[in-house]
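Novice: Questions regarding the structure given below will be posed in turn.
The values are calculated or read from the model by the stated rules, or taken from the named source; none is laboratory data. All values reported here derive from a predicted model rather than from experimental measurement. Every residue, glycine as well, gets a Cβ built from its backbone with ideal geometry; the counts of neighbours run over all protein chains shown.
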């Protein structure tokens, strides 16, 4: 999540824009599909993650809760409250919801019965700045970003706790945390390919997104510019297209070429995930509301 409030210039621009715009010959949006508001009344929506049944769990961070959207009937229900001020989330293969718990700058694993296990509390004996977004690779290794966004609910010193804003790797046994990217300005959104070979990291502070090769031990190599756009949250579809957020949703193919843009008439589009029974509903968290857009493509598994 970038911030609870969007820059005024973005607000003015987006609120004057239609709810959704996209190319008539779009190759990824379902024919005739339009952006639909699924629900609202939240303070700031973030961090959608999808379970095996296609249900979407997203966070309403200012209200300290995780909300569940049912793929079966489209209804919403509070799933966990309080929720550690959770931000970005992601399901592991065992059905646990991994969450960037920003209240105490921790990383949590939340079991289906809602039992919380704290996985990470610090790095080198110091608090993290504020874990923001995460992705789990096929073998269970976990990457997360740690930018600094000062929160009014922190009881700690709000200044930067680490020596920079970095990307970290947590081993599959959940015992070791290492830094894997230390030259970014403000890493935020993060997503990887289903084969576990490529990691995309959005440097929202620099307005760029980078791609990396993933090494078996967790290290990253061959950093390269993917596109000249930063992002808050990210996802990827089964064809390898990468979805970025902020000013609506912008989609790039595997070469970094922009192939789509969907405008959302909200102050800020924070995050996205593919949900629904067939994983073909692009579920969008945007400020106080959540939206859905039926897609021709499906989310990567």
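Novice: Please work out if residue 79 is more than 19 Å from residue 180 (Cβ to Cβ), surrounded by 13 or more Cβ atoms within 10 Å (Cβ to Cβ) and touching a residue at least 12 places away in the same chain (Cβ under 8 Å).
Specialist: Taking the combined requirement at face value, the residue satisfies it.
Novice: Could you tell me whether the range 94-104 includes any residue that is surrounded by 13 or more Cβ atoms within 10 Å (Cβ to Cβ), touching a residue at least 24 places away in the same chain (Cβ under 8 Å), under 20 Å from residue 203 (Cβ atoms) and within 17 Å of the chain's Cα centre (by Cα)?
Specialist: Among the residues of the range 94-104, at least one is surrounded by 13 or more Cβ atoms within 10 Å (Cβ to Cβ), touching a residue at least 24 places away in the same chain (Cβ under 8 Å), under 20 Å from residue 203 (Cβ atoms) and within 17 Å of the chain's Cα centre (by Cα), which makes the answer yes.
Novice: Within the bounds of the range 137-144, is there any residue that is over 25 Å from residue 219 (Cβ atoms) and part of a loop (DSSP other than H, G, I, E, B)?
Specialist: Checked against the condition, which is being over 25 Å from residue 219 (Cβ atoms) and part of a loop (DSSP other than H, G, I, E, B), the range 137-144 yields no hits at all.
Novice: Which condition from (1) surrounded by fewer than 23 Cβ atoms within 10 Å (Cβ to Cβ); (2) over 15 Å from residue 28 (Cα atoms); (3) touching a residue at least 60 places away in the same chain (Cβ under 8 Å) is the one that residue 239 breaks?
Specialist: (2)
Novice: Contact list please: Cβ distance under 7 Å, first residue in the range 23-47 and closer than 25 Å to residue 296 by Cβ, second residue modelled with pLDDT under 95 and surrounded by fewer than 21 Cβ atoms within 10 Å (Cβ to Cβ), pairs at least six apart or on different chains.
Specialist: Listed by first residue and then by second, the contacts come to 29/22; 34/20; 35/19; 35/20.
Conditions (1) at pLDDT below 95; (2) in contact with a helix residue (DSSP H, G or I) (Cβ under 7 Å, 6 or more places away or on another chain); (3) farther than 25 Å from residue 279 by Cβ, marked per residue:
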{"position": "16", "(1), (2), (3)": "yes, no, yes"}
{"position": "30", "(1), (2), (3)": "no, no, no"}
{"position": "33", "(1), (2), (3)": "no, no, no"}
{"position": "46", "(1), (2), (3)": "no, yes, no"}
{"position": "58", "(1), (2), (3)": "no, no, no"}
{"position": "62", "(1), (2), (3)": "no, no, yes"}
{"position": "83", "(1), (2), (3)": "no, no, no"}
{"position": "88", "(1), (2), (3)": "no, no, no"}
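Novice: Looking only at residues in the range 110-121 that are outside any loop (DSSP other than H, G, I, E, B) and touching a residue at least 24 places away in the same chain (Cβ under 8 Å), which one is farthest from residue 68 (Cα to Cα)?
Specialist: Checked the range 110-121; the qualifying residue farthest from residue 68 (Cα to Cα) is 120.
Novice: Same structure again: I'd like the full set of residues that are buried (at least 18 other Cβ atoms within 10 Å of the Cβ) and either without any contact (Cβ under 8 Å) to a residue 12 or more places away in the chain or in a strand (DSSP E or B) (or both), limited to the range 48-75.
Specialist: 48, 49, 50, 56, 57, 58, 59, 60, 65, 66, 67, 69
Novice: Out of (1) under 24 Å from residue 200 (Cα atoms); (2) assigned to a loop (DSSP other than H, G, I, E, B); (3) touching a strand residue (DSSP E or B) at 6+ places or on another chain (Cβ under 8 Å); (4) in contact (Cβ under 8 Å) with a residue 40 or more places away in the chain, the odd one out for residue 129 is which?
Specialist: Every condition holds for residue 129 apart from (4).
Novice: Okay, next question. May I ask you to verify whether residue 272 is in contact with a strand residue (DSSP E or B) (Cβ under 9 Å, 6 or more places away or on another chain), touching a residue at least 40 places away in the same chain (Cβ under 8 Å) and surrounded by fewer than 23 Cβ atoms within 10 Å (Cβ to Cβ)? Step through it out loud before you land on a result.
Specialist: Working: in contact with a strand residue (DSSP E or B) (Cβ under 9 Å, 6 or more places away or on another chain): yes; touching a residue at least 40 places away in the same chain (Cβ under 8 Å): yes; surrounded by fewer than 23 Cβ atoms within 10 Å (Cβ to Cβ): no.
No.
Novice: Sort out which residues of the range 132-163 are surrounded by fewer than 16 Cβ atoms within 10 Å (Cβ to Cβ), closer than 22 Å to residue 202 by Cα and within 21 Å of the chain's Cα centre (by Cα), and write them in order of number.
Specialist: 138, 140, 150
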